[in-house]
Amino acid sequence: MSIRDVYIVDAVRTPIGKFGGALSSVRPDDLAAHVVRALVDRTPDLDPARIDDVYLGDANGAGEDNRDVARMAVLLAGLPVTVPGVTVNRLCGSGLEAVVQAARAVAVGDASVAIAGGVESMSRAPWVLEKPERAFPAGHGQLWSTTLGWRMTNPRMPAEWTVSLGEGAELIADKHALTREQQDAFALASHRKAAAAWAEGLYAPEVVPYAGVDLARDECIRDTTSTEALAKLKPVFRREGGTVTAGNASPLNDGAAALLLVDEDGLRACGREPLARVRASAVTGVEPQLFGLGPVEAVQRALAKADRGFADLTTLELNEAFAAQALGCLAEWPDLDPAVVNPRGGAIAVGHPLGASGARLAGSVAHQLAAAGSGTGVAALCIGVGQGIALVLER
């Protein structure tokens with residue numbers, strides 16, 4: 001069996017909404033349907049019936065995104081009922097995992113045309129109530145928020161593995177002696193780069209606003225923030241000696257993203273020039289409390305599979321779950337030029353709608369490579385419970 005080349009024809013995303021913000025009134029299945037429909041509309045030569053499968057990442061899946069949100073998106077987008085859909089979950093890496101799985105299906109001939117992406121509405125994530133162990137309990141029940149992080153944790157898990165995500169970022173700051181000032185400077189740079197990218201129109205080719213919602217730009221970018229403003233924020237996870245604040249961490253967000261992946265036959269059917277080609281991917285595991293360092297080995301393995309190194313990179317889109325986490329990864333990549341990392345800003349400014357982020361990063365890399373005309377790019381994310389994922393694209 002021969003392995004086929006896999007091309008990314010197009011990539012779209014919504015503007016990213018803040019928690020309780022402009023997109024909080026939109027169901028996640030509608031957000032997902034919106035980006036799926038946008039991809040189809042932007043490729044009028046493609047018969048939607050030719051789409052072999054739709055893969056969507058979704059990290060929570062406890063609310064309106066239940067019941068296989070990928071299939072719901074297919075139906076709500078008005079695609080033929082013959083188009084299937086599957087939802088995948090690798091927590092924060094779910095959107096990129098969807099892209100990897102779609103690319104793999106195309107590469108081995110199981111699909112010729114596929115859509116991959118992700119969605120998350122952290123605003124609309126519900127509270128859940130565990131079933132009682134016996135009928136008609138007399139006591140009170142515990143409600144759990146499904147917005148973010150550990151809940152209903154298995155008591156067999158070692159306590160050091162189940163610390164909060166923010167405490168995990170503090171542990172990385174300890175490991176690499178990262179100061180509060182370094183983290184705030186990284187966060188400030190993320191906001192400035194994102195604001196500049198929007199001002200220069202760099203996001204225009206990929207962002208498709210949601211009709212009826214007054215949101216044309218990512219909602220969490222703070223154009224006027226400053227070193228002084230960030231310094232005033234109190235640490236959240238360690239009251240004494242802490243360095244991680246709301247200002248140097250990614251916010252809670254809502255959004256969706258999707259990419260169109262094809263083989264050579266699919267490319268001819270689309271009648272479009274591809275943005276980029278998929279070269280390699282990798283996933284790795286680390287100690288759960290050091291989840292933020294998951295991308296370190298994943299990126300290195302993916303680059304090795306592609307026979308590339310850090311010197312070959314045009315861009316590296318590294319998800320900024322926390323400044324400490326991103327800086328910890330950079331500290332372990334001494335040969336990487338930091339200038340190629342998140343040139344259009346990262347999740348601290350743009351936002352991190354869990355299941356959508358990986359697809360957003362892959363789409364951003366593809367559009368950046370298309371704008372450059374050639375090059376190699378990587379999308380990578382850390383993943384709660386201790387994993388990393390990376391994808392290499394080329395043009």
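The values are calculated or read from the model by the stated rules, or taken from the named source; none is laboratory data. Since this is a predicted model, take the numbers as computed values, not measurements. Positions of Cβ are generated from backbone atoms using ideal geometry, with glycine treated the same way; all protein chains shown enter the neighbour counts. Just the protein is used for accessible areas: all its heavy atoms, side chains included, with ligands, DNA and RNA removed. Shrake-Rupley method; radii C 1.70, N 1.55, O 1.52, S 1.80 Å.
Choose one of Trp127, Gly346, Gly255: the residue whose Cα lies farthest towards the positive end of the charge dipole of the chain (beta-carbon charges +1 Lys, Arg; -1 Asp, Glu; about the Cα centre). The listed residue farthest towards the positive side: Trp127.
Modelled spin labels at Ala196 and Arg42, positioned 7 Å past Cα toward Cβ, are 2.4 nm from each other. Compared with the direct C-alpha span, the chain from Asn89 to Ala304 gains 74.9 nm at full extension, assuming 0.36 nm per residue. Only Cα sites of the stretch 1-109 enter the Debye sum here, all with the same form factor; the resulting log10 I(q)/I(0) across q = 0.12, 0.16, 0.17 1/Å is -0.43, -0.76, -0.86, listed in q order. Two tests apply to each whole DSSP H helix in the chain, Cα reach of 24 Å or more along its axis and mean Kyte-Doolittle hydropathy of at least -1.0, and the ones passing both are 180-199, 354-372. Phi angles of the stretch 381-389 translate, via the Karplus equation with coefficients 6.51, -1.76, 1.60 and θ = phi - 60°, into HN-Hα couplings of 9, 7, 9, x, 6, x, 9, x, 9 Hz per residue; Gly and Pro are given as x.
For the stretch 55-101, the percent of C-alpha pairs falling in each 5 Å distance bin, counted from 0 to the bin holding the largest distance, reads 6, 25, 29, 23, 15, 3.
Between the alpha-carbon centres of the stretch 170-209 and the stretch 355-384 there is a gap of 15 Å. Multiplying each eigenvalue of the alpha-carbon gyration tensor of the stretch 221-282 by 5 and taking the square root yields semi-axes of 44, 15, 11 Å, largest first, rounded to whole angstroms. Under 5 Å between amide hydrogens, built in the peptide plane, is the criterion, and for Arg222 it picks out nothing among residues at least 5 positions away or on other chains. If you plug the beta carbon distance of Arg277 and Asp337 into 1/(1 + (r/R0)^6) with R0 = 25 Å, you get a FRET efficiency near 0.65. Per residue, the accessible area of the chain comes to 41 Å² when a 1.4 Å probe rolls over the protein heavy atoms. The packing ranking, built from the mean of other Cβ atoms within 10 Å per residue, places the peptides 46-53, 268-275 in the order 46-53, 268-275, highest first.
Loop only by DSSP, 11 or fewer other Cβ within 10 Å of the Cβ. Give me the GluC sites (Glu not before Pro) in the stretch 141-226 that pass, ordered by residue number. Answer by residue number: Glu200. Here the stretch 257-395 carries DSSP beta bridges of which approximately 75% are antiparallel, counting only pairs with both residues inside.
How many nm separate the modelled label positions at Arg134 and Ala159, each set 7 Å beyond the Cα in the direction of the Cβ? Computed distance between label sites Arg134 and Ala159 equals 3.0 nm.
Cβ-Cβ distance of Arg50 and Gln142, R₀ of 51 Å, FRET efficiency by 1/(1 + (r/R0)^6): the value works out to about 0.60. Is there a pair in Lys18/Lys234; Lys18/Lys193; Lys175/Lys305; Lys193/Lys232; Lys175/Lys232 whose C-alpha atoms are over 26 Å apart, and which pairs would that be? The pairs that break the limit, which is 26 Å between Cα atoms, are Lys175/Lys305. Between Ala372 and Ala177, the modelled label-to-label distance comes to 3.3 nm, taking each label 7 Å out from Cα in the direction of the beta carbon.
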